[in-house]
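The values are calculated or read from the model by the stated rules, or taken from the named source; none is laboratory data. Everything numeric in this text was worked out from a predicted model, so none of it was measured. With ideal geometry, Cβ positions are generated from the backbone for all residues, glycine too; neighbour counts draw on all protein chains shown. Quick note on the areas: whole protein, heavy atoms, side chains included, nothing else; ligands and nucleic acids left out. Shrake-Rupley method; radii C 1.70, N 1.55, O 1.52, S 1.80 Å.
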Amino acid sequence: MQRILVAYYSQTGHTRQIAEAITADCGADIEQIEDVNSRAGMLGYLRSGWQAFTKRAAHIRPVQASPGQYDLIAIGTPVWMMNLSSPVRTYIAEQGTEFKKVAFFCTAGSAGGEGVFKQMADLCGKQPVATLIVTEGEIKSGSFGEKVRAFQRSIDQELGEPHAGTHAPASP
Ligand SMILES: Cc1cc2nc3c(=O)[nH]c(=O)nc-3n(C[C@H](O)[C@H](O)[C@H](O)COP(=O)(O)O)c2cc1C
């Protein structure tokens, strides 16, 4: 069986929810990318937006998993100011040379996902085998299950694993 790592950053929990749905039934390992400094409040929001817009690095905690030990890494980020979030930018900068195959997912209020995937592909120096964009509306209504399953199927096909249809359904 091929090894999959799901690495994500999430400030308010949306991207975490999708990361957990992706890993729920496929036996992947999961790694949460964490900030050293708080992003709470209006000041945190402004700092996050500014860092993302100006493509600056963030201070992140040391990670546990070594991406080089995995056949594929699925990387998840929120969209910030139509850009990649700075903690994920830093994670890719620090770990990207170890990546084999990559897949990308993001959550957004409404827009910016495609541009973020382009930034991630450029930083990784690799095209993703699968992508997934989930909006806040889909998270609120719980209607993202089929999208997540399609993302899992694309990854399974790439890795030559049984399709996600043979897994238990991801919830919701
Ligand atoms: C600083 C900041 C900038 C954001 N910029 C955008 C944006 O450009 N486009 C968008 O659709 N949503 C934007 N959002 C909304 C987030 O992408 C959305 O709420 C996402 O689901 C948050 O993910 P998380 O809960 O995993 O942190 C922004 C949120 C923050 C905090």
Checklist entry - Is it true that GLN64 is part of a loop (DSSP other than H, G, I, E, B) and under 14 Å from the mean Cα position of the chain (by Cα)? => result no
Next on the checklist: List pairs: first residue in the range 1-26 and touching a residue at least 12 places away in the same chain (Cβ under 8 Å), second residue in a loop (DSSP other than H, G, I, E, B) and among the charged types (D, E, K, R) anywhere in the structure, Cβ distance under 8 angstrom, at least six positions apart or on different chains.
Outcome noted: MET1/GLU161; GLN2/ASP71; GLN2/GLU161; ARG3/ASP71; ILE4/ASP71; TYR9/GLU34; GLN11/ARG39
Checklist entry - Any idea which of (1) without any contact (Cβ under 8 Å) to a residue 40 or more places away in the chain; (2) in contact with a strand residue (DSSP E or B) (Cβ under 9 Å, 6 or more places away or on another chain); (3) open to solvent by 40 Å² or more (accessible area, probe 1.4 Å) is the one GLU34 doesn't satisfy? => result (1)
Next on the checklist: Tally up the residues in the range 1-31 that are outside any strand (DSSP E or B) and either of a type outside the set (S, T, N, Q) or open to solvent by 40 Å² or more (accessible area, probe 1.4 Å) (or both), please.
Outcome noted: 20
Next on the checklist: Against the conditions (1) closer than 22 Å to GLN152 by Cα; (2) near the ligand (Cβ under 10 Å from one of its atoms); (3) open to solvent by less than 70 Å² (accessible area, probe 1.4 Å), where does GLY49 fall short? Just the number, please.
Outcome noted: (1)
Checklist entry - Hey, does the range 90-107 have a residue that's in contact with a Leu (Cβ under 8 Å, 6 or more places away or on another chain), modelled with pLDDT of 95 or more, surrounded by 19 or more Cβ atoms within 10 Å (Cβ to Cβ) and in a helix (DSSP H, G or I)? => result yes
